[in-house]
Amino acid sequence: MAFNLVLVHPQIPNNTGAIGRLCVNAGASLHLIKPIGFDIDEKAVRRAGLDYWDKLDLHVWESLDDFFANNEIKDNAHFATTKTKRPYFESHFKEGDFIFFGSETAGIPEDILERYKEKNITIPMTKDGRSLNLAISTGIVLYDAIRQNFDTFERG
């Protein structure tokens, strides 16, 4: 069982395409939570995902409520945000975990961050930085999760 990347209301097709490609190469599933700021059939998504899009384990949810109604979230989730001091590398990732990332413009909704406060994680940055690109952020955290579980990672 692989990891699950969850993008809450993604806005930039190139980021989502790159994240889709990342997921295929990492054996992860991608969950997109509507509303989405673009059509997932858009050329920019396909171009960024190149020829990987048809190999992607993609799940599209109508809303956060729809996602939470169909996925049991307890200690199997991590919520990436700039609004915590807890670095991602202090989290213990297990195969099958859900790793949430918010939209490029708004992040994960505050009520979700508050509900799962003990599972919030961040990528350390200097005081000059505000945030990282979404596709880069997903890669950093996903590959640390893989590193922590490398003995069971299926390699090609």
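So here's what we get for this one:
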| read-out | value |
| --- | --- |
| Any hit, region 110-121, residues being surrounded by 14 or more Cβ atoms within 10 Å (Cβ to Cβ) and within 21 Å of ALA26 (Cα to Cα) | yes |
| Conditions (1) in contact (Cβ under 8 Å) with a residue 40 or more places away in the chain; (2) over 19 Å from ASN15 (Cα atoms); (3) exposed (fewer than 13 other Cβ atoms within 10 Å of the Cβ); number of the one not met by ILE146 | (3) |
| Subset of region 1-39 (residues that are in contact with a strand residue (DSSP E or B) (Cβ under 7 Å, 6 or more places away or on another chain), among the small types (Gly, Ala, Ser) and either part of a strand (DSSP E or B) or over 13 Å from GLY139 (Cα atoms) (or both)) | ALA2, SER29 |
| Whichever residue in region 88-109 is surrounded by fewer than 15 Cβ atoms within 10 Å (Cβ to Cβ) and small (Gly, Ala, Ser) and, among such residues, is farthest from ALA28 (Cα to Cα) | ALA106 |
| Flag for LYS94 being modelled with pLDDT of 95 or more and under 21 Å from ASP144 (Cα atoms) | yes |
| 3 or more residues over 15 Å from the mean Cα position of the chain (by Cα) and not β-branched (Val, Ile, Thr): qualifying helices (runs of 4 or more DSSP H) within region 61-153 | 64-70, 110-115 |
| Qualifying residue in region 123-132 (condition: more than 21 Å from ALA28 (Cα to Cα), free of Cβ contacts under 8 Å to residues at least 24 places away in the same chain and among the small types (Gly, Ala, Ser)) | yes |
| Residues (aliphatic (A, V, I, L, M), assigned to a loop (DSSP other than H, G, I, E, B) and at pLDDT below 90) located in region 40-58 | ILE40 |
| Residue in region 1-11 that is surrounded by fewer than 17 Cβ atoms within 10 Å (Cβ to Cβ), modelled with pLDDT under 90, among the hydrophobic types (A, V, I, L, M, F, W, C) and within 21 Å of GLU154 (Cα to Cα) present | yes |
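The values are calculated or read from the model by the stated rules, or taken from the named source; none is laboratory data. Here the structure is a predicted model, which is why all the values come from computation and not from measurement. Please note: Cβ atoms are built from the backbone with ideal geometry, for glycine as well, and neighbour counts cover all protein chains shown.
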